[in-house]
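The values are calculated or read from the model by the stated rules, or taken from the named source; none is laboratory data. These figures come from a predicted structure and were not determined experimentally. Using ideal geometry, Cβ is built from the backbone for each residue, glycine included, and neighbour counts are taken over all protein chains shown. Ligands, DNA and RNA are stripped out before the accessible areas are found, and what is left, the full protein with its side chains, is counted by its heavy atoms. Shrake-Rupley method; radii C 1.70, N 1.55, O 1.52, S 1.80 Å.
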Amino acid sequence: MTPFSACQTWVEVMTMAKTKNYTERAYEFIRGQIDNNVWLPETHLKEIEIAENLGISRTPVRRAMNRLKDEGYLNIEPYKGATVAQRDLTSQAVVDRLQFLELLLGHLFMQLQNKGINVAGPELDHIYEAIQTATVQDDIPNYIRFKQQFFSYVVSFNGNSYFRQISLTTFQCLNQLWIQAEPLKRSQHFKFEKEKGSLLLERLVQAIRAMDYPNANKQARIWINELILEEVNC
C-alpha cells in the first residue's frame, strides 16, 4: 500500500467516525425534542434546519431520521419529508402536555391583556352555542370538534405564528387521545366535561366577553388542573 493510499484510507476512516458521531448527535437531539414534547405529533421536520442548528451536514441528520422512523418516532414520506409520528402516550406524558397547555394559555391571556385585544364577537358566541348543543345531545364527536374550534378561535388572536402552531398542535393532540380512547374512558371523560367542564367553559367565556383575561386564565387553569386529576385517577 502506497503512502498516499494509506493516508486516503485513514481520512476515510476518520470521516466515517465523524459521520457516525454526528448521526448519534442528531439522533439524540431529535429524539430529545420529541420525548420532551417540544416537537409534537404532526410537526414537520426539515433536514436543513436541523443540520444548521447542530452545525453539521444533512447526511447524518437523514440517517438519524431513518433510524427514528424505524423506532416509530417519525413518519417519512417521499416528497413530503418527515413528521413526528402519533404514538401512544403514558399517563405522565398526557399530564406533561396538559401542564404545557396551561403555560401556553397563561402566555396567551397575558398577551391579550397587555394589548387590550377584544376576542368577543358573533363567531365566539356561535361556537359556544354549538358546544352547548353538542353537550345537551351527548354528541361527543361534535363536542370535541367545536371545542377545538373554540380554542383555535381564541388562539388566532396571538400574532406569533409559532405560538399558534404549537398551541393548536398540543390541544389537537390531547383531543385526538380522547377521541381514540377506549369507549369506557371516552365516556368517562365526556361525563367529566358535562359535570365540570361545561361550568368552567361558561365562566371562561364570560371572562373573555368582559375582557377579564386574568379571570379567564384562572378558569383555564382550574379546567386543566381538573383534567390532570381526571387523568391521574383514571
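Figures for the structure shown
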quantity	calculated
Euclidean distance between Cα centres, segment 46-75 to segment 130-158, Å	36
Extension gain from Arg186 to Tyr153, taking 0.36 nm per residue of separation minus the Cα-Cα distance	9.4 nm
Per-pair calculated FRET efficiency, R0 = 30 Å: Ile48 and Asp212 via Cβ, rounded to 0.05	0.10
FRET efficiency for Leu124 and Gln176, using Cβ-Cβ distance with R0 set to 25 Å, rounded to 0.05	0.60
Placed amide H near Leu74: partners under 5 Å, 5+ positions off or other chain	Lys69, Ala85
Extension gain (nm, one decimal) between Tyr79 and Asn21, 0.36 nm per residue minus Cα-Cα	18.1 nm
Whole-Hz couplings from phi, Karplus 6.51/-1.76/1.60, listed for segment 69-75; x for Gly and Pro	5, 4, 8, x, 7, 10, 10
Net length gained if the chain between Asp96 and Ser161 were fully extended (0.36 nm per residue, minus Cα distance)	21.1 nm
Electrostatic dipole magnitude of the chain [Cβ: Lys, Arg +1; Asp, Glu -1; Cα centre; debye, to 20]	460
Dipole of the chain, positive direction: furthest Cα of Tyr128, Asn175, Tyr162, with charges on the beta-carbon	Tyr162
Solvent-accessible area per residue, Å², over segment 101-234 with all protein chains present [probe radius 1.4 Å]	52
Residue-by-residue Karplus 3J(HN,Hα) for segment 150-159, coefficients 6.51, -1.76, 1.60, Hz, glycine and proline x	4, 5, 4, 4, 5, 5, 4, 7, 8, x
